[in-house]
Amino acid sequence: MSERLQPGDTAPAFTLPDADGKEVSLASHQGRKVIVYFYPAALTPGCTKQACDFTDNLQLLADAGYDVIGVSPDKPEKLAKFREQESLKVTLVGDPSKEVLAAYGAFGEKKLYGKTVTGVIRSTIVIDEHGKVERAFYNVKATGHVAKIIKDLAI
């Protein structure tokens, strides 16, 4: 089970391929706040709802100084299909090795339909402009979560 991040922790650095195969790194967002959200799989109902919610609120979040990056274990080709099919504007990156997911505490044991399984734990980490964890939300719901973040961050 990976360790969960706590407010004040340094956010683990990462560089992952986006839907176009271009590298996206946390370091390139230095000086801006970043919302990194982890989801199990592109092109699934819950993950689609969550990605669409982030896309719908992207301008509001950007105006408040936040960039948004979605991370899943999917390969860039699947992320591109997801982006096109759902008209997503949020940056999506793939972590097939699951190393970044684990580093953020977003991969491990979870309950799924009453069974304990190992997989992606739907999580959202808010990182400040200095690379420190501001907030860490684990086992979040796909629907209504973006509205909760906006409320919690007083945006």
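Only the coordinates and a few stated rules stand behind these numbers; no lab work does. Since the structure is predicted, the reported quantities are computational estimates derived from the model, not experimental observations. Note that each Cβ is placed from the backbone with ideal geometry, even for glycine, and that neighbours are counted across all protein chains shown.
What's the longest piece of the chain with no exposed trypsin sites (Lys or Arg not before Pro), counting a site as exposed if DSSP puts it in a loop and it has at most 12 other beta carbons within 10 Å? Longest run free of exposed loop sites: 23-140. Note on the chain: with a GNM built from Cα contacts shorter than 10 Å, the maximum mean-square fluctuation among THR44, THR55, THR15 falls on THR44. With only Cα atoms counted, the range 15-149 has Rg and Dmax values of 13.8, 42 Å.
Taking the range 111-155, which chymotrypsin sites (Phe, Trp or Tyr not before Pro) meet the DSSP loop condition and have no more than 13 other C-beta atoms within 10 Å? Taking the range 111-155 and a limit of 13 other Cβ atoms within 10 Å, the loop chymotrypsin sites (Phe, Trp or Tyr not before Pro) found are TYR113.
Annotation: the residues THR124, THR116, THR48, sorted from fewest to most other C-beta atoms within 10 Å of their own C-beta, follow the order THR116, THR48, THR124. A helix-only calculation puts the chain at -7500 deg cm²/dmol for mean residue ellipticity at 222 nm, using -39500 (n - 2.57) for each DSSP H run of at least four residues, averaged over all residues.
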